[in-house]
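**Q** The structure's right below; bear with me while I get my questions together.
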Amino acid sequence: MSEAAYAPPSAEPAAHPIAEFRGVSKRFGEVLAADDLNLSIRTGEFLSFLGPSGCGKTTALRMLAGFESPTSGEVFLDGEVVNDLAPYRRPVNMVFQHYALFPHLTVAQNIGYGLRQRRPKPPRDEIARKVRAALEIVRLEGFENRRIWEMSGGQQQRVALARAIVNEPKLLLLDEPMAALDRKLRKEMQIELQNIQRRLGITFILVTHDQEEALSMSDRICIMRDGRIVQTGTPRELYDQPRNRYVAGFVGTSNFFDGVVERADAYRARVTLGCGIALEGRVLAPVAAGQAVSVSVRPEQIRLARTATGGETGWEVTILNRIFLGEHTEYLVKHDGLGEFMVLTPRQAELSDGPFNAGERLTASWEATSALVLDNDQAPQAN
Amino acid sequence: MTQRGRNLLLLAPAGAWFLVMLVIPLAVVIIFSFGERGPAGGYVPAFTLEQYANLPARWAAFKNTLMLAPAGTLASLLIAYPLAYYLAVRADPRWKTVLLVLVIVPFWTSILIRSYAWIFLLGGRGIPALLDLIGIDNVRLINTPFAVLIGIVYGYLPLMVFPIFVNLDRLDKRLLEASADLGASPWRTFLQVTLPMSLPGIATGCLLVFILLMGEFLIPAILGGGKVFFVGNALVDLFLQSRNWAFGSAVAATLVLLMLVSVTAYMRLIRRLGAQREDVALM
C-alpha cells in the first residue's frame with residue numbers, strides 16, 4: 001500500500017529529507033510490527049506518529065534511533081542508509097518514555113553525558129557552558145548539582161529533554177514523553193516543547209497515542225494502524241479530509257452512519273444505510289457502487305432547531321442527554337432510523353433558539369458538503 | 001504496652017541469642033587471651049601480655065590469611081562478575097532460572113567432599129599429568145597457595161555471583177539504551193553505567209566472601225596440606241592439639257581485631273564510592 005498515492009500535496013517528499021523510510025518492514029517473530037512504511041521526514045518539521053498501542057509507531061521510532069534494524073526496506077538518515085548503524089553512531093537523540101535518566105549522576109552530569117562521549121572530548125568548560133545553556137532552555141537554571149531522585153516528574157522530563165537537545169541532534173525522537181505527567185503539566189510541556197522546537201530548528205519526531213497532543217503540537221501527523229501508515233498530513237488535512245473512517249475517528253470525534261454506496265461519481269455519493277434511509281455525501285477518495293462505507297458528520301457541523309429550516313434535509317430527533325461544556329453544549333440525540341449521534345452546539349447559536357432540554361423533539365440538519373463518504377472496510381471499531 | 005515495650009519484646013530473642021552466642025564467648029576469649037596455659041593445657045587465670053608478645057610465632061598464618069583472603073575475594077569477583085553479567089543481562093530469560101540453579105548445585109554437596117575432589121584434580125595424576133602431556137612438566141599444584149586460592153574461588157563463587165546477579169538483574173536496561181543513544185559505545189556504556197550501578201552488588205559480594213575467608217580453615221587444611229595454613233588452622237591447632245587456650249585466645253582476638261579494622265576501612269571506601277547514590281543502601 002503506497003502512502004504517496006493517498007497523501008495530500010503537502011506530504012510530497014521534500015527536496016532533502018532529513019530522514020526517510022523506504023518500504024520498511026520489521027518483523028518480530030510472527031508479528032509484523034511495521035509493514036511497508038514509506039515516509040519522508042522534512043528538515044525542521046515537527047512530525048508525530050499517532051496511533052493506539054501496538055500500531056508500530058514505537059517500532060518506527062526505534063528504527064530511527066537504531067535500537068531496531070528493519071527486516072526489509074531502507075531507513076535513510078541525512079541521505080544515507082543507516083539500517084544497521086549502531087545507535088551510538090547516529091546523530092539522533094531520544095527522550096525516553098520514562099526518561100531513563102542516570103540515577104548515579106547529577107543533573108549536570110546527565111545532561112553532559114552525550115558531550116562527554118564525543119571524540120575528541122570537548123574541553124571541560126565548553127561542556128559546562130553547553131550544559132548551562134541547555135538548562136536555561138528547559139528553565140532549570142541552578143539545578144546542576146541536584147540528584148535525579150530529588151526532582152519531580154516534570155523536572156525529570158525537562159532534564160531528559162535537555163540531555164537530548166544539548167547534543168544538537170539532527171533528529172530528536174520523543175517516545176510518549178508526556179505520558180507520565182498530569183494533565184496541567186502536560187499542557188504546559190506541550191507548549192514549551194513547541195517553543196523549543198521552533199527556537200532550535202531541530203527536527204522533532206513524537207510518538208503518541210494522544211490525538212490532542214499530536215494535533216496541538218505537530219506540523220504533520222502520521223496516523224498508524226496495525227504496523228501500517230494510514231494517512232500522513234497536517235492536522236487540518238487529517239481533520240477535514242480523512243482518508244477513511246479510522247482516521248476520522250482518530251482525529252477528533254465524528255458521527256458515523258454505516259451503509260453501502262448506491263451510486264457515486266468523482267465528487268459525490270449516495271449511500272443507503274441499513275435502515276433504508278439514503279444519505280448524500282462528499283467523496284474524497286474514490287468509492288464504487290456496492291462498497292461498504294461510513295458517512296461521517298462532525299458533531300459541530302450539525303445544527304439543532306425547534307423549527308425545520310428550509311433547503312436541507314431535516315431529521316426529527318429526540319434529545320437524550322445534554323452536557324454543558326461552557327463555550328459549547330454537547331447533545332446526544334436519537335433519530336428513529338439513523339440511531340444515536342452527537343451534536344455540538346456553540347453558545348452563540350443557542351442564544352436565539354436554545355437551550356434545548358432532554359426529551360425535547362427537534363430538527364437536526366447538516367449541509368450535504370459536510371457529510372463525508374469514507375471507506376469502512378478496515379475500521380470496525382473506530383470512534 | 002507501649003511501642004517501646006513491644007519493640008523490646010520483639011528484639012528479646014535475638015538479643016538473648018546475640019548475648020549468649022556472641023558477646024559472652026567474645027568476652028571469654030578476650031579474658032583468656034590475657035591468661036596463661038595450664039601445665040596440662042587449658043587455661044589458668046592471670047594477667048599477662050605474654051600471649052600477645054608471642055604472636056609473631058604465628059606470623060605465617062596471619063600472612064597467609066591477610067594475603068589469600070583479599071586475593072581470593074578479588075579472584076572470585078573477577079570470575080563472578082562476567083558470570084553474573086551473563087546470567088542477568090545476556091542469558092535467555094527462559095534459561096535464567098536453570099542457569100542460576102546450576103550455580104548453586106555445588107552447594108548441595110559438603111564443601112569437605114568437594115575439596116577432596118580437588119585434591120585429586122590438583123594432585124600428581126590430575127592437572128599436572130595433563131600439563132605433562134603437552135610438555136609442561138614438573139608442575140606442582142597441590143599444597144601450594146595457588147591450590148588454596150583455587151579451592152577458595154571454587155567454594156565461594158556463588159556467594160559472589162548472587163548479590164551481583166540480583167543487582168544487575170534489577171538494572172534498568174533502558175539506561176543502557178539511553179547511554180547508547182547519547183553516543184557511548186557498548187564498552188563505555190559498561191564502564192559509565194553498568195559498572196557504577198552494580199557497585200552495591202559488588203560491595204555486598206566482596207564483604208560476604210572476605211569475612212568468611214578471614215575465618216576459613218577447611219580449604220587450606222585440605223588443599224594446603226599443612227604447608228599453606230590460615231589463622232583458622234592455627235586456632236584449630238592451638239585449641240584442639242596443643243591445648244594452649246590462652247595463646248589461642250590471643251590469636252583469635254587479634255583476628256577479630258584485624259577483621260574489624262579491614263571491614264571498617266572497606267565500608268568507608270565503599271561509602272565514598274557510592275556517596276553519589278542515596279537511593280541504594282549499600283549494606
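**Q** In segment A:73-83, which residue that is touching a residue at least 24 places away in the same chain (Cβ under 8 Å) and either surrounded by fewer than 15 Cβ atoms within 10 Å (Cβ to Cβ) or within 8 Å of chain B (Cβ to nearest Cβ) (or both) is farthest from the chain's Cα centre (by Cα)?
**A** Residues of segment A:73-83 touching a residue at least 24 places away in the same chain (Cβ under 8 Å): A:73-79.
The next check asks that each one be either surrounded by fewer than 15 Cβ atoms within 10 Å (Cβ to Cβ) or within 8 Å of chain B (Cβ to nearest Cβ) (or both); those that pass are A:74, A:79.
Values: A:GLU74: 24, A:GLY79: 26 Å.
Taking the candidates together, the pick is A:GLY79.
**Q** Please go through segment B:16-44 and give me each residue that is part of a loop (DSSP other than H, G, I, E, B) and exposed (fewer than 11 other Cβ atoms within 10 Å of the Cβ), ordered by number. Before the answer, list the steps.
**A** Start the filter on segment B:16-44 by keeping residues that are part of a loop (DSSP other than H, G, I, E, B), which leaves B:34-35, B:37-41, B:43.
If the condition is that a residue be part of a loop (DSSP other than H, G, I, E, B) and exposed (fewer than 11 other Cβ atoms within 10 Å of the Cβ), then B:PRO39, B:ALA40 are the ones that fit.
**Q** Within segment A:180-202, how many residues turn out to be farther than 24 Å from A:LYS130 by Cα and touching a strand residue (DSSP E or B) at 6+ places or on another chain (Cβ under 8 Å)?
**A** So the answer is 0.
**Q** If I filter segment A:63-72 for residues that are β-branched (Val, Ile, Thr) and under 22 Å from the mean Cα position of the chain (by Cα), do I get at least one hit? Can you show your working first?
**A** Just the residues of segment A:63-72 that are β-branched (Val, Ile, Thr), to begin with: A:71.
Then keep just the ones that are under 22 Å from the mean Cα position of the chain (by Cα); that gives none.
No, because not a single residue in segment A:63-72 is β-branched (Val, Ile, Thr) and under 22 Å from the mean Cα position of the chain (by Cα).
**Q** Does segment A:105-146 hold any residues that are without any contact (Cβ under 8 Å) to a residue 12 or more places away in the chain, within 12 Å of chain B (Cβ to nearest Cβ) and in a helix (DSSP H, G or I), and which are they?
**A** The answer is A:GLN109, A:ARG116.
**Q** What pairs can you find where one residue is in segment A:169-193 and farther than 20 Å from A:LYS57 by Cβ, the other is of a type outside the set (S, T, N, Q) and in a helix (DSSP H, G or I), and their Cβ atoms are less than 6 Å apart, with a gap of 6+ or different chains?
**A** Listed pairs, sorted by first residue: A:LEU185/A:GLY154.
**Q** Something else about it: Would you call B:LEU157 buried (at least 18 other Cβ atoms within 10 Å of the Cβ), farther than 14 Å from B:LEU223 by Cβ and in contact (Cβ under 8 Å) with a residue 60 or more places away in the chain? Quick ask: steps written out before the conclusion?
**A** Working: buried (at least 18 other Cβ atoms within 10 Å of the Cβ): yes; farther than 14 Å from B:LEU223 by Cβ: yes; in contact (Cβ under 8 Å) with a residue 60 or more places away in the chain: yes.
Yes, satisfied.
**Q** Out of everything in segment B:130-178 that is part of a helix (DSSP H, G or I) and charged (D, E, K, R), what residue ends up being farthest from the chain's Cα centre (by Cα)? Talk me through it step by step, then tell me what you get.
**A** Here is the first cut: in segment B:130-178, the ones part of a helix (DSSP H, G or I) are B:130-133, B:145-170, B:173-178.
Narrowing the set further to residues that are charged (D, E, K, R) leaves B:132, B:169-170, B:173-174, B:177.
Numbers: B:ASP132: 33, B:ASP169: 23, B:ARG170: 24, B:LYS173: 30, B:ARG174: 34, B:GLU177: 35 Å.
Filtering segment B:130-178 for residues that are part of a helix (DSSP H, G or I) and charged (D, E, K, R), the one farthest from the chain's Cα centre (by Cα) comes out as B:GLU177.
**Q** Of the residues that make up segment A:40-47, is at least one closer than 21 Å to B:LYS173 by Cα and surrounded by 15 or more Cβ atoms within 10 Å (Cβ to Cβ)? If you could, list the steps in order and put the result at the bottom.
**A** Taking segment A:40-47 and keeping what is closer than 21 Å to B:LYS173 by Cα, we get none.
Looking for residues that are closer than 21 Å to B:LYS173 by Cα and surrounded by 15 or more Cβ atoms within 10 Å (Cβ to Cβ), one finds none in segment A:40-47, hence no.
**Q** Determine, yes or no, whether B:LEU269 is away from every other protein chain (no Cβ under 14 Å), assigned to a helix (DSSP H, G or I) and in contact (Cβ under 8 Å) with a residue 60 or more places away in the chain. Full working, then the answer.
**A** Working: away from every other protein chain (no Cβ under 14 Å): yes; assigned to a helix (DSSP H, G or I): yes; in contact (Cβ under 8 Å) with a residue 60 or more places away in the chain: no.
Here the answer is no, as B:LEU269 does not meet what is asked.
**Q** Now for a different question. Go through segment A:274-299 and report how many residues are under 19 Å from A:GLY339 (Cβ atoms) and either more than 30 Å from the chain's Cα centre (by Cα) or buried (at least 17 other Cβ atoms within 10 Å of the Cβ) (or both). Break it down into steps so the answer makes sense when it comes.
**A** First, pick out the residues of segment A:274-299 that are under 19 Å from A:GLY339 (Cβ atoms): A:274-281, A:292-299.
Adding the requirement that they be either more than 30 Å from the chain's Cα centre (by Cα) or buried (at least 17 other Cβ atoms within 10 Å of the Cβ) (or both) leaves A:274-279, A:281, A:293-299.
Count: 14.
**Q** Out of all the residues in segment A:84-104, which are assigned to a loop (DSSP other than H, G, I, E, B) and within 10 Å of another protein chain (Cβ to nearest Cβ)? First the steps, then the outcome.
**A** Going through segment A:84-104, the residues assigned to a loop (DSSP other than H, G, I, E, B) turn out to be A:84-86, A:90-91, A:96-104.
Result: A:ALA86, A:ARG90, A:PRO91, A:PHE96, A:GLN97, A:HIS98, A:TYR99, A:ALA100, A:LEU101, A:PHE102, A:PRO103, A:HIS104.
**Q** Here's something else I'd like to know. Of B:VAL166, B:VAL148, B:VAL139, which residue is over 26 Å from A:ASN110 (Cβ atoms) and modelled with pLDDT of 90 or more?
**A** Values: B:VAL166 fails: over 26 Å from A:ASN110 (Cβ atoms); B:VAL139 fails: modelled with pLDDT of 90 or more.
B:VAL148 is the lone residue from the list that is over 26 Å from A:ASN110 (Cβ atoms) and modelled with pLDDT of 90 or more.
**Q** Restricting the search to segment A:161-191, which residues are of a type in the set (Asp, Glu) and surrounded by fewer than 19 Cβ atoms within 10 Å (Cβ to Cβ)? Working first, answer last.
**A** Filtering segment A:161-191 for residues of a type in the set (Asp, Glu) gives A:168, A:175-176, A:182, A:188.
Correct list: A:GLU168, A:ASP182, A:GLU188.
Residue-by-condition table, conditions (1) within 13 Å of another protein chain (Cβ to nearest Cβ); (2) closer than 26 Å to B:GLY225 by Cβ; (3) among the aliphatic types (A, V, I, L, M):
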site	(1), (2), (3)
B:LEU131	no, yes, yes
B:ILE150	no, yes, yes
B:GLY155	no, yes, no
B:PRO163	no, no, no
B:ARG170	yes, no, no
B:ARG174	yes, no, no
B:ASP181	yes, no, no
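**Q** Does segment A:322-337 include one or more residues that are surrounded by fewer than 18 Cβ atoms within 10 Å (Cβ to Cβ), out of contact with any Leu (no Cβ under 6 Å at 6 or more places or on another chain), in the same structural domain as A:GLU360 (by TED's automatic domain parsing) and of a type in the set (Gly, Ala, Ser)?
**A** Yes, segment A:322-337 has at least one match.
**Q** Another one. Output yes when any residue across segment B:195-212 is over 22 Å from the mean Cα position of the chain (by Cα) and either hydrophobic (A, V, I, L, M, F, W, C) or on the phi > 0 side of the Ramachandran plot (or both), and no when none is.
**A** Yes, because at least one residue in segment B:195-212 is over 22 Å from the mean Cα position of the chain (by Cα) and either hydrophobic (A, V, I, L, M, F, W, C) or on the phi > 0 side of the Ramachandran plot (or both).
**Q** Continuing with this model, one more query. I'm trying to understand the selection: among the residues of segment B:183-198, which are more than 8 Å from chain A (Cβ to nearest Cβ), under 27 Å from B:VAL101 (Cα atoms) and in a helix (DSSP H, G or I)?
**A** Listed by number, the residues that qualify are B:PHE190, B:THR194, B:LEU195.
**Q** Further question: Checking the structure you have, find out if any residue of segment B:144-152 is touching an Asp or Glu at 6+ places or on another chain (Cβ under 6 Å) and within 29 Å of B:ARG268 (Cβ to Cβ). Before you say what the answer is, go through the steps one by one.
**A** From segment B:144-152, those touching an Asp or Glu at 6+ places or on another chain (Cβ under 6 Å) are none; that's our starting set.
Looking through segment B:144-152, none of the residues is touching an Asp or Glu at 6+ places or on another chain (Cβ under 6 Å) and within 29 Å of B:ARG268 (Cβ to Cβ).
**Q** Scan (1) modelled with pLDDT of 90 or more; (2) surrounded by fewer than 16 Cβ atoms within 10 Å (Cβ to Cβ) for the single condition B:ALA234 breaks and write down its number.
**A** That leaves (2) as the condition not met.
**Q** Which of the numbered conditions does A:THR234 fail, given that it passes all the others? Conditions: (1) in the same structural domain as A:LEU50 (by TED's automatic domain parsing); (2) surrounded by 20 or more Cβ atoms within 10 Å (Cβ to Cβ).
**A** Failing condition for A:THR234: (2).
**Q** Determine which member of the set A:GLY44, A:GLY51 is modelled with pLDDT under 95, within 30 Å of A:GLU141 (Cβ to Cβ), away from chain B (no Cβ under 14 Å) and under 24 Å from the mean Cα position of the chain (by Cα). Steps first, answer last, please.
**A** Numbers: A:GLY51 fails: within 30 Å of A:GLU141 (Cβ to Cβ).
The unique qualifying residue is A:GLY44.
**Q** Of everything in segment A:198-207, what is closer than 24 Å to A:GLU144 by Cβ and surrounded by 20 or more Cβ atoms within 10 Å (Cβ to Cβ)? Give them in sequence order. Reasoning before the result, please.
**A** Our first condition is that a residue be closer than 24 Å to A:GLU144 by Cβ; within segment A:198-207, this holds for A:199-200, A:202.
If the condition is that a residue be closer than 24 Å to A:GLU144 by Cβ and surrounded by 20 or more Cβ atoms within 10 Å (Cβ to Cβ), then A:ILE202 is the only one that fits.
The values are calculated or read from the model by the stated rules, or taken from the named source; none is laboratory data. As the structure is a prediction and not an experimental result, all values here were calculated from the model. Cβ: placed from backbone, ideal geometry, glycine included. Neighbour counts: every protein chain shown.
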